[in-house]
Amino acid sequence: MQYRLIAIDVDGTLLDDQEKLRPRVRRAVREAAAAGAEIVLCTGRGPVSTLPIMAELGLSGTVITHNGAVILESESRRILHEAKVPRRSAVPYLEYCRERGIHFAFNTAFELYVEKEPSREALETYGRYWIRPIVRKEPEPPENTVRLTVYGSREEIDDAEARWSGWSGGLSVHRSDYNFIDLQHPEATKGSALERLARLRGLTRREVLAIGNYYNDISMLRYAGRSVAVANAPAEVRAAADEVTRSNNEDGVALVLEELLRG
């Protein structure tokens, strides 16, 4: 196997639009792993909603979660790296959300905390990802927070992104979906986490392949020795990749891996 480490984004890349793992994709991922590649799910999800996908793939190993803020071993759940959000840096973002009534949550490596009971819509969204929010009355983030997740209408999130992108000295702003923004430590990116893991494995970037579909994948696409965007990715993401495969609904990941296996 030419690439020793293969990083694959989950939503919109590995999974189809129904959030299902397509049989051809599952088979190709397992065959690539059997051929000697380390498969690393590199996702904006937390471990709670990532590890079941590893199990569905029939794999174990290391996963990169929370957009690169947490690297952990799937079986032992031992955290290899954690980039925490400085409490002081979070204050202006929290004030912005509270003034406008925009929903937000504090994410630690394994838990998600909210200030009040979520709406039915929010609960349904969390439920899709196996997440059970914990109501926490303290106004400050937990000490081991790795991400602030902000959820709202597309207009609210567009406005927040435009405003926060101009702020300096604060947190990094990741648009992980139309209705979500993730606020994190500036050094918490998929690209930096993938580079860190490659160093732990004694690998160069030329031995790393990355496949993704959204803006939070750009850093890992730029780091990897070979990078592939799926066809459903926005134009800026496709431009950051070396090549484009078919969409997540057309087994794009499988096509890339099958080519490697033939080669």
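Restricting ASN179, ASN213 to residues that are surrounded by fewer than 22 Cβ atoms within 10 Å (Cβ to Cβ), more than 24 Å from LYS84 (Cβ to Cβ) and of a type outside the set (D, E, K, R) narrows the list to ASN179.
Would you be able to tell me the number of residues in the range 144-170 that are of a type outside the set (A, V, I, L, M) and under 16 Å from ALA105 (Cβ atoms)?
Taking the range 144-170 as the starting set, the residues that turn out to be of a type outside the set (A, V, I, L, M) are 144-145, 147, 149, 151-156, 158-159, 161, 163-170.
From what is left, the residues that are under 16 Å from ALA105 (Cβ atoms) are 144-145, 147, 149, 151-152, 156.
Going through the range 144-170 one residue at a time, the tally reaches 7.
Scoring PRO139 on the criteria (1) of a type outside the set (Lys, Arg); (2) surrounded by fewer than 18 Cβ atoms within 10 Å (Cβ to Cβ); (3) farther than 13 Å from PRO92 by Cα; (4) free of Cβ contacts under 8 Å to residues at least 60 places away in the same chain leaves a single failure, condition (3). Do we have any residue at all in the range 51-65 that's under 17 Å from the mean Cα position of the chain (by Cα), within 21 Å of TYR215 (Cβ to Cβ), among the small types (Gly, Ala, Ser) and outside any strand (DSSP E or B)? The answer is no; no qualifying residue exists.
Could you please let me know if TYR214 is within 17 Å of the chain's Cα centre (by Cα) and closer than 30 Å to GLU124 by Cα? Write out each step before concluding.
Values: within 17 Å of the chain's Cα centre (by Cα): yes; closer than 30 Å to GLU124 by Cα: yes.
Taking the combined requirement at face value, the residue satisfies it.
Against the numbered list (1) buried (at least 18 other Cβ atoms within 10 Å of the Cβ); (2) under 25 Å from ALA90 (Cβ atoms), ALA162 comes up short only at (1).
For the range 37-50, name all the residues that are closer than 30 Å to GLY263 by Cα, within 9 Å of the chain's Cα centre (by Cα) and either hydroxyl-bearing (Ser, Thr, Tyr) or assigned to a loop (DSSP other than H, G, I, E, B) (or both). Steps first, answer last, please.
First pass over the range 37-50, keeping only residues closer than 30 Å to GLY263 by Cα: 37-43, 50.
Add one more test, that the residue is within 9 Å of the chain's Cα centre (by Cα), and what stays is 41-43.
Listed by number, the list holds a single entry, THR43.
Only residues that are surrounded by fewer than 12 Cβ atoms within 10 Å (Cβ to Cβ) and either modelled with pLDDT under 90 or not in a helix (DSSP H, G or I) (or both) were counted across the range 82-136, and they come to 11. Scanning the range 74-122 for residues that are in contact (Cβ under 8 Å) with a residue 40 or more places away in the chain and of a type in the set (Ser, Thr, Tyr) yields SER89, TYR93, TYR96.
Would you mind finding the one in VAL244, VAL208, VAL173 that is crowded, with 23+ Cβ neighbours inside 10 Å and either under 30 Å from ALA122 (Cα atoms) or at pLDDT 95 or above (or both)? Just one listed residue meets the conditions, VAL208. When LEU72, LEU41 are screened for being at pLDDT 95 or above, surrounded by fewer than 24 Cβ atoms within 10 Å (Cβ to Cβ) and not β-branched (Val, Ile, Thr), only LEU72 passes.
The values are calculated or read from the model by the stated rules, or taken from the named source; none is laboratory data. Model, not experiment: these values are computed from the prediction. In this analysis, Cβ positions are derived from the backbone assuming ideal geometry, glycine residues included, and neighbour counts consider all displayed protein chains.
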